[in-house]
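Reading through the structure tokens given below for one structure.
The values are calculated or read from the model by the stated rules, or taken from the named source; none is laboratory data. No experiment lies behind these values; they were computed from the predicted model shown. Ideal geometry is used to build each Cβ from the backbone, glycine not excepted, and the neighbour counts take in all protein chains shown. With ligands, DNA and RNA removed, areas are computed over all heavy atoms of the protein, side chains included. Shrake-Rupley method; radii C 1.70, N 1.55, O 1.52, S 1.80 Å.
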Amino acid sequence: MDWTSAQLRSLVELTRRGTITAVAEALGYTPGGVSQQIAALEKATGMELLRRVGRRVELTDAGATLALHAERILTTEAEAVEALKRTRNEVSGTLRIGLCATAAAEILPPALQQVRARHPGVTVRSRDMDVDEVYDAVAGGAVDLALGLDYPDVPIPRDPSLRVTELSRERFSLAVPAGAIPGRRRISLADTRERGWILPSIGSYYGRAVLTACRRAGFEPQVLHEVTDTAATLALVEARVGVSVVTDL
């Protein structure tokens, strides 16, 4: 039906107040304006909604039926308006995140707790991926947000359409077996030149960044084991298989 909220409200108020004059005073219209609203409703429905009884008017059966439903329509409309107002301040939807295993273990749990507390309307879905793939994953639309790593000496190519925000900077340290170099409490990168290394693939950005640092220190690292998992790498170092690097994270 082609009617307006103002027309329905006039009809509902008429059931409450009994006279067109009282409705006009309540809604800020003239009596003639209220009569026009009702007349427009009758035209839209094709039915008589009011009948004159002496100097008064009363609702017909059709008018009473429409007034009952009009209250529900106006209530639903008001609820919709309130819901729209809330969306201005509420964040909702699904956020797809890509991240590497270390970030998933250390960063994701507290981040999810904060999201639940601040934005309960947000559903977070995450997926583990190779750290070198995160930029392409965001650019290709596979995820909305990704946590990755970048290295000053070996920067990862960036898509100009992506927004990159630096969350923190990590400090790299050496991971060597206890007592590997007797009498030395501090070990420099150059001290590992004769030792075997445990690293991810030299073809990865991480591996190339370590390779660049070693070359700057004057040697080529002897990579004996290519391992990506941090826990496995540290277990091999503890077993005195070789040396590696470890970050604050």
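Which residue out of LEU108, LEU74, LEU68 is farther than 30 Å from ALA44 by Cα and either open to solvent by less than 50 Å² (accessible area, probe 1.4 Å) or in contact with a helix residue (DSSP H, G or I) (Cβ under 9 Å, 6 or more places away or on another chain) (or both)?
From the options LEU108, LEU74, LEU68, the qualifying one is LEU108.
Of (1) open to solvent by 30 Å² or more (accessible area, probe 1.4 Å); (2) at pLDDT 90 or above; (3) within 33 Å of the chain's Cα centre (by Cα); (4) not basic (Lys, Arg), THR230 satisfies all except one. Which?
Only one criterion in (1) open to solvent by 30 Å² or more (accessible area, probe 1.4 Å); (2) at pLDDT 90 or above; (3) within 33 Å of the chain's Cα centre (by Cα); (4) not basic (Lys, Arg) is unmet by THR230, namely (2).
Does the range 177-199 include one or more residues that are among the charged types (D, E, K, R), surrounded by 13 or more Cβ atoms within 10 Å (Cβ to Cβ) and within 21 Å of ALA137 (Cβ to Cβ)?
no
Out of all the residues in the range 146-195, which are of a type in the set (Ser, Thr, Tyr) and either more than 20 Å from ALA103 (Cβ to Cβ) or touching a residue at least 24 places away in the same chain (Cβ under 8 Å) (or both)?
Passing the criteria: TYR151, SER161, SER173, SER188, THR192.
State which residue pairs qualify: first residue within 14 Å of SER92 (Cβ to Cβ) and inside the range 117-139, second residue in a loop (DSSP other than H, G, I, E, B) and modelled with pLDDT under 85 in any location, beta carbons under 7 Å apart, and separation of 6 or more residues or different chains.
HIS119/VAL91; GLY121/GLU90; GLY121/VAL91; GLY121/SER92; VAL122/VAL91; VAL122/SER92
Looking at GLU48, GLU25, GLU58 in this structure, which one is assigned to a strand (DSSP E or B) and over 45 Å from the mean Cα position of the chain (by Cα)?
The unique qualifying residue is GLU58.
Can ILE38 be described as touching a residue at least 60 places away in the same chain (Cβ under 8 Å), farther than 30 Å from ALA142 by Cα and assigned to a helix (DSSP H, G or I)?
no
Residues that are in contact with a strand residue (DSSP E or B) (Cβ under 6 Å, 6 or more places away or on another chain) and not β-branched (Val, Ile, Thr): list the strands (runs of 3 or more DSSP E) wholly contained in the range 157-249 that include at least 2 such residues.
Answer list for the range 157-249: 172-175, 196-199, 222-226.
Please indicate, with yes or no, whether at least one residue in the range 18-30 is surrounded by fewer than 19 Cβ atoms within 10 Å (Cβ to Cβ), touching a helix residue (DSSP H, G or I) at 6+ places or on another chain (Cβ under 8 Å) and among the polar types (S, T, N, Q).
Checking the range 18-30: at least one residue is surrounded by fewer than 19 Cβ atoms within 10 Å (Cβ to Cβ), touching a helix residue (DSSP H, G or I) at 6+ places or on another chain (Cβ under 8 Å) and among the polar types (S, T, N, Q).
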